[in-house]
Amino acid sequence: MKPAEGRRRVVVEGVTPQVDGGRFPVKRTVGETVRVEADVFADGHDVLACVVQYRHEHAPVWREAATVGLVNDRWRGQFEVSRLGRWHYRVLAWIDRFATWRHDLVRRVQAEDVAVALQIGAELVEEAARRASVDDSARLHQFAAALHGKGDLEERRRLAVSSDLESLMKLWSARRFATASDELTVTVEPERARFSAWYELFPRSYAAESGRHGTFRDLESHLGYVANLGFDVLYLPPVHPIGRVNRKGRNNALLASPGDPGSPWAIGAEEGGHKAVHPDLGSLEDFRRLVATARELGIEVAIDMAFQCAPDHPYVREHPEWFRHRPDGSVQYAENPPKKYEDIYPFDFETEQWRALWSELKGVIDFWVGQGVTIFRVDNPHTKPFVFWKWLIAEVKRDHPQTLFLSEAFSRPKIMHQLAKLGFSQSYTYFTWRNTKEELTQYLTELTQDGAREYFRPNLWPNTPDILSETLQYGGRPAFLSRLVLASTLAASYGIYGAAYELLENEAREPGSEEYLNSEKYEVKHWPLTRPDSLRDLVARINRIRRENRALQSDWSLRFYPTDNEQVICYGKHTEDLANIVVVVVNLDSYHRQSAWIDLPLERLGIDARHPFQMHELLSDARYLWHGTRNYVDLDPQVTPAQVFRLRRRVRTEREFEYFM
């Protein structure tokens, strides 16, 4: 096969970051940096030049970032993504003829060789002058004339290797036979994709008085409470009309009693479907007002998007072709044998009318974006085709790049990761069932240090309306405290099923079950949020600590530190400049006091181990002086099962006064 260009000598390979050979984009948020590396080499000993080229998808031309050589022909450059949407990047490298000439010139010793070399250099400079801007062209012509001239040889050589000429030639020298890597893509999303705190509640449970169905107006008056807790995402389960046919009763009973409100995930009734709100909650105008008021308080309202229908959803009547039918002609309800969900009809994504179905479901998202919603928690995305999600998210983000999608998929690992690759901004995780030091260390290292971190953003939840873990059922208040600290500090994004967590709800429906007894999914509750044993003050303090410490606002710096007790876990995060360092110690035993010696990598953290340093415990505001790399902790779960330290380094002023910052 004849080569396209046989004079292209530079090889560019091993470009990072990339996901599956560039099949999927990497992810960043606005203002973050994309650090690009590549192996760049060529035959022979010529000097190479290499840049990272990047552009926003709507920008017509490439911009360039310089690179530096690392070791073993590895190069690195970086660029900042300043705008939502998709960005493209690639590595471009070529033989730098001028740099090669300059490199050889400084090593020439014979006057005759120097004179000839200066003539060659002058030609390279003149060639560059023909491409340069008017001002730079004039300067380059001056350099070329001087190199061609008859002046002092050493003076001409000094001019040839001057930094001024070098800078001009970097701009305008030829890039003949340059090699470009394949283009790669980065999806850039709002900061909340990287750093967010989610608070889940059922609007119907927030009436001012007990015994009444709550409304959007009631919830609007509760927004100040959520804001004071420090959450910036208010997540609502489906707000649509709830089906009456085969409605579930309390505690998931197959038959509902009169007055039972049903499950919000059984979507659709005679009042409407996915583009309507439950009439008992209020109107669409009330909902838009709720969203606007929340935004004024720094809160984005997220809604649950469950692509499924109750038997009396209008779609079932208007589009029977979108559902599977049983041999007797009835619509196939959802089931996971032996479990049956007769109040839910799943869509048939293999219908011959799949294009119309896809279009309608995208229309649902577009509708809610029109109501002011920018965040969608997607219910069970692993039960819908991957190709559908790839198409839907790309289509929505093309017109609304500010939208975020949280994948609720407690499924097999490869499925969870595939959904993240396809475009989901954040993902639920197995954190809920990771309890031991080994489990937590292994799992969070996998999510934050391996290649998965380029596309998988974990959102840690210690509980959900569907999941009351065994740890919370039996661990008492210490378990609720420790799991809160773990979730909120291990990951930059976390969430809680709010009132149930604050009020230490821990009673399961039956032994061995993770379902709540008297679950809010099937009844209207009234939460006594001012109860004296509530965790609300600790929750608010944790969220304040997260906002005040940039180290906790990203995941990639997470590192686990050794302890000599398997019941005590220690880990830390820090900013790249080490200006903010946070160290967390948690007693994983909810029943017994535990102590441990922990080892901190002080040199890596920029701390002089010969001098004491201050550990400011942010939950209690206590301050301790630690010495050296090895220090002792003691945690009584009945007092506090966790400590969150900010490491403050010693500073000496001009007046020899020392303090810690």
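The values are calculated or read from the model by the stated rules, or taken from the named source; none is laboratory data. Given the structure is predicted, the values throughout are model-derived calculations rather than measurements. Don't worry about glycine lacking a Cβ; one is built from the backbone with ideal geometry, like all the others, and counts go over all protein chains shown. The protein model used for the area step is the full one, side chains on, heavy atoms only, and it has no ligands, DNA or RNA in it. Shrake-Rupley method; radii C 1.70, N 1.55, O 1.52, S 1.80 Å.
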* Report the residue count in the stretch 250-302 for those that are in contact with a strand residue (DSSP E or B) (Cβ under 6 Å, 6 or more places away or on another chain), over 18 Å from Tyr345 (Cβ atoms) and aliphatic (A, V, I, L, M). => 5
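Within the stretch 55-77, how many residues turn out to be assigned to a strand (DSSP E or B) and not hydrophobic (A, V, I, L, M, F, W, C)?
Selection size over the stretch 55-77: 9.
Yes or no, residue by residue, for (1) over 16 Å from Arg175 (Cα atoms); (2) small (Gly, Ala, Ser); (3) touching an Asp or Glu at 6+ places or on another chain (Cβ under 7 Å):
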site: Val19; (1), (2), (3): yes, no, yes
site: Val34; (1), (2), (3): yes, no, no
site: Tyr54; (1), (2), (3): yes, no, no
site: Trp62; (1), (2), (3): no, no, no
site: Gln78; (1), (2), (3): yes, no, no
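For the stretch 443-486, enumerate the residues that are among the basic types (Lys, Arg) and either open to solvent by less than 30 Å² (accessible area, probe 1.4 Å) or not in a helix (DSSP H, G or I) (or both).
Step one: of the stretch 443-486, the residues among the basic types (Lys, Arg) are 453, 457, 477, 483.
If the condition is that a residue be among the basic types (Lys, Arg) and either open to solvent by less than 30 Å² (accessible area, probe 1.4 Å) or not in a helix (DSSP H, G or I) (or both), then Arg457, Arg483 are the ones that fit.
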* To do: Just give me the residues in the stretch 567-586 being open to solvent by less than 30 Å² (accessible area, probe 1.4 Å) and over 27 Å from the mean Cα position of the chain (by Cα), in sequence order.
  => Val568
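When you scan the stretch 325-356, how many residues do you find that are surrounded by 15 or more Cβ atoms within 10 Å (Cβ to Cβ) and assigned to a loop (DSSP other than H, G, I, E, B)? First the steps, then the outcome.
So in the stretch 325-356, the residues surrounded by 15 or more Cβ atoms within 10 Å (Cβ to Cβ) come out as 331, 333-334, 341-349, 351, 354.
If we keep only those that are assigned to a loop (DSSP other than H, G, I, E, B) too, we end up with 333, 342-344, 347-349, 351.
Result for the stretch 325-356: 8.
Matching residues to (1) hydroxyl-bearing (Ser, Thr, Tyr); (2) surrounded by 17 or more Cβ atoms within 10 Å (Cβ to Cβ); (3) closer than 22 Å to Val639 by Cα; (4) in contact with a Cys (Cβ under 7 Å, 6 or more places away or on another chain):
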| position | (1), (2), (3), (4) |
| --- | --- |
| Ser493 | yes, yes, no, no |
| Glu502 | no, yes, yes, no |
| Arg509 | no, no, no, no |
| Asn518 | no, no, no, no |
| Glu523 | no, yes, no, no |
| Arg531 | no, no, yes, no |
| Val539 | no, yes, yes, no |
* Arg559 vs. criteria open to solvent by 50 Å² or more (accessible area, probe 1.4 Å), more than 20 Å from Leu447 (Cβ to Cβ) and not small (Gly, Ala, Ser) -> no
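For (1) over 30 Å from Val26 (Cβ atoms); (2) open to solvent by 20 Å² or more (accessible area, probe 1.4 Å), each residue gets a yes or a no:
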| position | (1), (2) |
| --- | --- |
| Arg90 | no, yes |
| Trp94 | no, no |
| Asp113 | yes, yes |
| Glu123 | yes, yes |
| Val134 | yes, yes |
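Do we find a residue being without any contact (Cβ under 8 Å) to a residue 60 or more places away in the chain and assigned to a strand (DSSP E or B) anywhere in the stretch 526-534?
Quick first cut of the stretch 526-534, residues without any contact (Cβ under 8 Å) to a residue 60 or more places away in the chain only: 528, 530-534.
Filter once more, so that each one left must be assigned to a strand (DSSP E or B): none.
No: the stretch 526-534 contains no residue that is without any contact (Cβ under 8 Å) to a residue 60 or more places away in the chain and assigned to a strand (DSSP E or B).
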* Which strands (runs of 3 or more DSSP E) does the stretch 181-264 wholly contain that include 2 or more residues that are in contact (Cβ under 8 Å) with a residue 60 or more places away in the chain and among the aromatic types (Phe, Trp, Tyr)? -> 196-200
